[in-house]
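Here the structure is laid out as structure tokens; the discussion comes afterwards.
The values are calculated or read from the model by the stated rules, or taken from the named source; none is laboratory data. Model, not experiment: these values are computed from the prediction. Don't worry about glycine lacking a Cβ; one is built from the backbone with ideal geometry, like all the others, and counts go over all protein chains shown. We work out accessible area using only protein heavy atoms, side chains counted, and drop any ligands, DNA or RNA first. Shrake-Rupley method; radii C 1.70, N 1.55, O 1.52, S 1.80 Å.
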Amino acid sequence: MREVWKHFNLSPDNIVLSECGIQQFLPGQGYSYVVTENFVLHYIESGRGFITINNKTYYSDDFNGYILRRGQTVTYSGDKINPWKTYWVGITGTHFKEFLKKLQLNSIDTLSFKNDSEVIQIIQDICKEARSEAEVSIFKYKYKTYQLLLALESEFKQEDFLDFDYEKDMTVQIYDYICKNYSNQLTIKDLSQKFSMSRNSLFASFKEKYQITPKQFILELQMSKACQLLKETTLPIGNISDLVGFQDYFVFFKAFKKMMDLSPSDYRKSDISKEIHEKKINSCTGSET
């Protein structure tokens, strides 16, 4: 008696591991280049730094991984005190682009891997194995490539809807969402659509619970992060403006000066403590109730 008989429709792909590497940056070390590999997936093991990809700058406090694509102009810079250490794997093949699209990562530059991410472990395994002098079978790398794809799919597979926690106050979920996305040019219209609430209802419920409007909360988080970056990094102010979610530098400058009573450059030179940004940013590290 036949217990299993299944036909598989597995289409061939051209996804191939093309390179890997490990780099410990020196304090303040930086360089620029144009990406030649189809895709390069990076993991930041330790330290801090920033990367500019096609004129958009990202600071490592906000992510621990990133994807580079062929043709992009990239500038790296390690922190002057605690420079980052990165692992990376290069991947070729047009099908990997479709794979990223399936995971809704096709237009994403930075990634936030979980603490126990299997993706991290596989990237490190590939790099460490390549560093050893032992001869490794090509099939081992093919195996690791598919392990990596499976782990990426498991960690980043997206649904077309938000995964609401119906036992958790919706306003708290909105608060949490703002904390994670305030630097992505987030608008009240975005929130209204994401949470299927009218703008008036969203405004009223958020103001009642937190004594601040959602728009003002987003702005305060942006300004708090800007304060942190001004005090703790040497990033150009224009790059900081991009990092905290402003498309227009002059809009950022005006908003910052109005809230802080100082221009960004004067704030950077001032003796004002970091408590202003720490209190607000730290309020987002845990769940608000």
- Query: Taking the simple approach of a point 7 Å from Cα along Cα-to-Cβ for both Asp116 and Ile81, what is their distance in nm?
  - Reply: 3.2 nm
- By accessible area with a 1.4 Å probe, ligands and nucleic acids excluded, highest first: order of Ser270, Ser32, Ser46: Ser32, Ser46, Ser270
- Query: So what's the net charge close to Gln72: Lys and Arg +1, Asp and Glu -1, counting the other residues with Cβ under 13 Å from its Cβ?
  - Reply: +1
- In the chain, which longest range has no GluC sites (Glu not before Pro) that are both DSSP loop (not H, G, I, E or B) and surrounded by at most 14 other Cβ atoms within 10 Å? 4-132
- Query: Using θ = phi - 60° and the Karplus curve 6.51 cos²θ - 1.76 cosθ + 1.60, what whole-Hz ³J(HN,Hα) does each residue of segment 102-116 get, with Gly and Pro shown as x?
  - Reply: 4, 8, 6, 10, 5, 10, 9, 8, 10, 10, 10, 6, 5, 4, 9
- Item | Surface accessible to a 1.4 Å probe, per residue, for the residues of the chain, Å² | 59 Å²
- Kindly express, to the nearest 10 degrees and within the range 0 to 90, the angle between helix 214-232's C-alpha long axis and the longest C-alpha principal axis of the chain. 80 degrees
- In deg cm²/dmol and to the nearest 500, what is the mean residue ellipticity at 222 nm of the chain if only DSSP H runs of at least 4 residues count, each as -39500 (n - 2.57), divided by the residue total? -13000 deg cm²/dmol
- Please find, in a Gaussian network model of the chain (springs between Cα atoms separated by less than 10 Å), the residue of Asn106, Asn38, Asn200 whose mean-square fluctuation is greatest. Asn200
- Query: Got a number for the accessible area of Lys254? Probe 1.4 Å, square angstrom, nearest 10.
  - Reply: 150 Å²
- Query: Using r as the Cβ-Cβ distance of Tyr143 and Asn54, and R0 as 25 Å, what FRET efficiency do you calculate, to the nearest 0.05?
  - Reply: 0.15
- Message: Straight-line reach only, C-alpha to C-alpha below 22 angstrom: list the lysines that Lys128 could link to, leaving out same-chain residues fewer than 8 apart.
- Response: Lys85, Lys114, Lys140, Lys142, Lys144
- Taking a probe of 1.4 angstrom, what is the accessible area of Asp62 in Å², to the nearest 10? 70 Å²
- Solvent exposure, largest accessible area first (probe 1.4 Å, DNA, RNA and ligands not counted), of Cys284, Cys227: Cys284, Cys227
- Message: Quick check: residue separation of Glu45 and Lys258 times 0.36 nm, minus the Cα distance between them. What number comes out in nm?
- Response: 72.9 nm
- Note on the structure: Sorted by accessible surface (1.4 Å probe, heavy atoms of the protein chains only), largest first, Lys80, Lys180 come out as Lys180, Lys80
- Task: First compute the accessible area of the chain with a 1.4 Å probe, then give the percent of it belonging to carbon and sulfur atoms.
- Result: 50 percent
- Message: Counting only chymotrypsin sites (Phe, Trp or Tyr not before Pro) that sit in a DSSP loop (anything but H, G, I, E, B) with at most 13 other Cβ atoms within 10 Å, what is the longest stretch of the chain containing none of them?
- Response: 9-160
- Message: With only alpha-carbon pairs counted, each pair once and no self-pairs, how large is the Kirkwood hydrodynamic radius of the chain in angstroms?
- Response: 21.5 Å
